[in-house]
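Reading through the structure tokens given below for one structure.
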Amino acid sequence: MRLSRRAILAGATSALVSPGFADPPQTSILPRARIPARDAISRMVASRAFSGEVGVFVTDLQTGEELEDINGAMAQPPASVTKAVTALYALETLGVEHQFRTRIFAEGEITNSILEGNLILAGGGDPNLVTDQLAELAQKLKESGLREVRGDFLVWDNALTNLDEIDDSQLDYLGYNPTVTGLNLNFNRVHFGWKLEGDEYVTTMDARSETYRPAVTTSRISVVDRALPVFTYRDAGHVDHWTVAGSALNDEGSRWLPVRHPGLYAGEVFATFARSHGIVLKPPREALQAPVGAALAGFESAPLREMMRGMLRFSTNITAEAAGLAATAARGGTSRGLRTSALGMARWADRRAGGIAPIFVDHSGLGDQSRLSPRDMVRFLGAADVMQTLRPILRNVRPVGEDQKIIDDPEVSVKAKTGTLNFVSALAGYMRTKSGRNLAFAIFSSDLEARAAGKLQGDENPPGARRWTRQARGLQQEIVRHLAFRLA
């Protein structure tokens with residue numbers, strides 16, 4: 001496993017930044033086929049400088065005319081474009097106003113502000129819960145009148161299927177491949193900081209937020225004298241134990257690491273805030289059964305529509321997985337494993353779009369075994385009532401000129417979702433062109449041989465991956481520019 005110092009300091013992201021996409025009653029349309037012309041887009045694809053396959057499919061949403069089809073039926077990994085499907089799946093299943101609830105329960109009687117039984121922190125699957133909100137929940141517990149807990153402090157995290165990680169083929173230390181449970185905190189990441197003092201590194205592990213920096217002991221790290229691997233991980237009995245190679249660290253820095261026991265992590269942070277209000281709790285333990293009865297205090301997430309907007313804007317994998325798992329559970333009456341849940345979403349998408357054939361292995365697009373063709377993605381985007389739900393919450397993608405400067409034109413609008421893995425790049429969404437046409441489009445590129453070789457090397461950023469992605473996104477820029485400004 002190779003990792004540069006710059007990568008260590010910057011941390012990991014699931015997408016590579018490119019200047020190409022800077023910040024960030026309808027009826028079912030079945031495209032009418034035409035013979036593709038050897039037009040500008042065909043020449044762009046033919047003259048591309050990067051390896052692998054490229055598929056392009058574009059449809060006029062008003063007329064149903066197929067404007068471009070270059071390998072449109074070729075299924076490729078959709079990467080985070082999957083999240084657009086997940087967003088609609090969750091919104092139509094759970095409702096736009098659905099909220100995830102995190103609550104505090106008391107087992108036993110409270111007499112004179114003293115609980116003789118157990119206190120339980122119960123997650124409802126909220127993937128976006130952060131430290132500041134646990135501080136608010138502790139304040140609400142104080143306001144309930146509770147002053148002492150004589151029993152145990154328990155955490156319940158089984159509202160959703162528990163996933164050790166989203167994709168087990170990814171490297172252990174990648175923060176965008178976290179554990180997912182019914183009780184999550186800070187996107188299930190812990191902040192690792194280091195500073196060289198004399199000849200020794202001083203390290204910190206905390207659950208920092210905009211306001212607080214509570215230290216945690218459920219994640220621990222040691223700096224060791226070695227060159228490689230950069231990180232190692234060991235599950236030390238409900239404690240995440242990491243080591244990091246000292247040769248990879250500079251004098252001072254930080255990055256986020258995944259948390260593999262998020263329920264206990266959240267419990268420890270909550271207990272810190274409860275103690276600040278005079279409520280001393282025992283170390284958290286995991287509860288096996290869901291709590292019953294009335295809650296002493298609770299916190300509700302943002303409505304699902306706003307959560308999905310944020311997920312599409314920032315491409316947060318844990319948000320997609322939690323939303324998808326919750327939607328599948330709501331449809332089946334029980335929580336299921338990730339592969340089964342993703343299969344359920346694929347079958348729903350097939351029915352929703354009137355006959356497409358996606359293969360999903362998760363809800364975020366992190367797994368590279370998912371497959372979707374540009375044609376089927378466009379058919380999904382053009383299905384009945386899809387655009388009116390998705391288009392307002394998709395990210396604004398601003399076209400960029402050949403000089404790499406953003407083109408501001410109020411008559412042009414591009415609302416789309418990007419997707420990036422090493423040697424995989426995708427873009428799909430809606431466009432209003434300069435000439436007033438409304439389009440649905442998908443541009444997928446992948447070099448799966450290069451991706452497989454990179455994974456075997458165990459490198460977070462394998463050689464050639466960044467250049468490949470820049471070139472793939474450059475092609476996307478050219479195509480978007482042509483469609484937006486030169487299409488009659």
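Read the figures in this text as sums done on the coordinates, not as results from a lab. Being a predicted model, the structure only gives us computed values, none of them experimental. Virtual Cβ from ideal backbone geometry, glycine too; neighbours counted across all protein chains shown.
What is the spin-label model distance, in nm, from ASP408 to ARG347 if the labels are put 7 Å beyond Cα along the C-beta direction?
Placing both labels 7 Å along Cα→Cβ, they lie 5.0 nm apart.
Excluding residues fewer than 8 places away in the same chain, name every one of the aspartates and glutamates whose C-alpha is closer than 17 Å to that of LYS195.
Of all the aspartates and glutamates, those that pass the test against LYS195 - Cα under 17 Å, at least 8 places apart if same chain - are ASP206, ASP225, ASP251, GLU252.
Nearest 5 is fine: what % of DSSP beta bridges in the chain come out antiparallel, could you say?
On the way: 69 of 84 bridges.
If we restrict to bridges inside the chain, about 80 percent are antiparallel.
Leaving out same-chain residues fewer than 8 places away, which lysines sit with a Cα under 23 Å from that of LYS282?
Straight-line reach from LYS282, under 23 Å: LYS140, LYS142.
Semi-axes of the equivalent ellipsoid for the chain, please: Cα gyration tensor eigenvalues, times 5, square-rooted, ordered largest first, whole Å.
Details: eigenvalues 362, 153, 66 Å².
Output for the chain: semi-axes of 43, 28, 18 Å.
Could you give me the ³J(HN,Hα) list for segment 103-117, computed from phi with Karplus coefficients 6.51, -1.76, 1.60 and θ = phi - 60°, whole Hz, x at Gly and Pro?
9, 10, 10, 10, 9, x, 8, 10, 10, 6, 6, 10, 9, 7, x
When you count, for each residue, the other Cβ atoms within 10 Å and take the mean per peptide, how do 304-314, 236-246, 284-294, 72-82 rank with the highest first? Kindly include the intermediate steps, with their values, before the conclusion.
On the way: 304-314: 20.1, 236-246: 16.2, 284-294: 13.5, 72-82: 23.9.
In descending order of packing, they fall as 72-82, 304-314, 236-246, 284-294.
Quickly rank 340-346, 143-149, 481-487 as a protection proxy: mean count of other C-beta atoms within 10 Å, highest first. It would help to have the intermediate numbers written out before the result.
Details: 340-346: 21.3, 143-149: 15.3, 481-487: 18.6.
Descending mean neighbour count gives 340-346, 481-487, 143-149.
With a cut-off of 8 Å between alpha carbons and a minimum separation of six or more residues, what is the relative contact order of segment 100-301 in percent? Mind dumping the intermediate values first?
On the way: 491 pairs, mean separation 59.4, N = 202.
Here the relative contact order equals 29 percent.
List the residues, sorted by chain then number, that are 5 or more residues from VAL149 or on another chain and whose placed amide H is less than 5 Å from its amide H.
Amide H neighbours of VAL149: LEU115, VAL280.
Counting other beta carbons within 10 Å of each Cβ, put VAL269, VAL58 in order, fewest first.
Working: VAL269 27, VAL58 24.
Ascending number of Cβ neighbours within 10 Å: VAL58, VAL269.
Using Cβ contacts closer than 10 Å as the measure, can you line up SER446, SER373 from fewest to most?
Working: SER446 26, SER373 22.
Ascending Cβ contact count within 10 Å gives the list SER373, SER446.
Show me 187-194, 114-121, 316-323 ranked by packing, highest mean number of other Cβ atoms within 10 Å first.
Taking the mean over residues of other Cβ atoms within 10 Å, the ranking is 316-323, 187-194, 114-121.
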